[in-house]
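K.L.:
Structure incoming, see below.
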Amino acid sequence: MYIDFHTHYCNEDANVLAIENITFFRDKINSINPQKFYSVGIHPWYIRDDFSISEQMKQVKELAINLNILCIGETGLDKIRGAEWSLQLEVFKKHIELSEMLGKPLVIHCVKAFDVIFQLKKQIKPQQKWIIHGFQGKAVLYKQVIDNGLMVSISKKFFNAEFIEMLDKNSFFLETDDSQNSIVELYQSISLRLGISVQELENIQKLNFSSVFGNPIISHQ
């Protein structure tokens, strides 16, 4: 079985366990399929400024309490694009609170704000895992991420990055993100780069998934 940690598309392949992302105030939210898994949150690009943060987060919480919502996010901080910085910080902190309250990991979008992410993690000392999705930094930054106790999720766009060879096998996931590339092809590419079999990579991903979410999720599929 292949695990697609973060995707913006519905995957109907029975051999893929996918976590489909629902981004508030961008995606149309009609209903969720009880047989599928999701993450929900407010992306820093889509924070609204025409009604209160508390009301926006109330909507997120109402959906996030569902059992098949596995993660909170993606949320995060972006110094290049998105809402004004003070709003981004406020919304990100609210997502951290929700993640801890519901006992669900936090999926993070981060652009040029890793110093702030690291600082907040040290201050808050969260119990839940924080996962940087779509990680594309250099080896030095990757080491900082791991040293600060975060995990990463990587997509096909960035698998040639220099940090791949130093991947901590206990601290990464694979994802298709906003592309319609095959997660199977990503497994094949990464396994070649790491010098291991696809089956070994599958097992690594299952162990990482179980360590973050618990064994019952794997057996659910």
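The values are calculated or read from the model by the stated rules, or taken from the named source; none is laboratory data. All figures in this text were calculated on a predicted structure; none of them were measured in a lab. Don't worry about glycine lacking a Cβ; one is built from the backbone with ideal geometry, like all the others, and counts go over all protein chains shown.
K.L.:
When you go through I131, I80 one by one, which is the residue that is of a type in the set (A, V, I, L, M) and part of a loop (DSSP other than H, G, I, E, B)? Step through it out loud before you land on a result.
P.N.:
Numbers: I131 fails: part of a loop (DSSP other than H, G, I, E, B).
When all the criteria are applied, what remains is I80.
K.L.:
Looking for whichever is of a type outside the set (S, T, Y), in contact (Cβ under 8 Å) with a residue 60 or more places away in the chain, touching a helix residue (DSSP H, G or I) at 6+ places or on another chain (Cβ under 8 Å) and surrounded by 14 or more Cβ atoms within 10 Å (Cβ to Cβ) here; the options are L174, L201, L167, L186. Which one fits? Full working, then the answer.
P.N.:
On the way: L201 fails: in contact (Cβ under 8 Å) with a residue 60 or more places away in the chain; L167 fails: in contact (Cβ under 8 Å) with a residue 60 or more places away in the chain; L186 fails: in contact (Cβ under 8 Å) with a residue 60 or more places away in the chain.
The unique qualifying residue is L174.
K.L.:
Okay, next question. Does A113 fit the bill of being touching an Asp or Glu at 6+ places or on another chain (Cβ under 8 Å) and crowded, with 18+ Cβ neighbours inside 10 Å?
P.N.:
On the way: touching an Asp or Glu at 6+ places or on another chain (Cβ under 8 Å): yes; crowded, with 18+ Cβ neighbours inside 10 Å: yes.
Yes; evaluated as a whole, the condition is true for this residue.
Conditions tested, residue by residue: (1) part of a strand (DSSP E or B); (2) more than 17 Å from the chain's Cα centre (by Cα).
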| site | (1), (2) |
| --- | --- |
| L17 | yes, no |
| I29 | no, yes |
| D50 | no, yes |
| S54 | no, yes |
| S99 | no, no |
| D115 | no, yes |
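K.L.:
Identify all residues within region 23-39 that are of a type in the set (K, R) and at pLDDT 90 or above; write none if there are none.
P.N.:
Narrowing region 23-39 to residues of a type in the set (K, R): 26, 28, 36.
Answer for region 23-39, where residues must be of a type in the set (K, R) and at pLDDT 90 or above: just K36.
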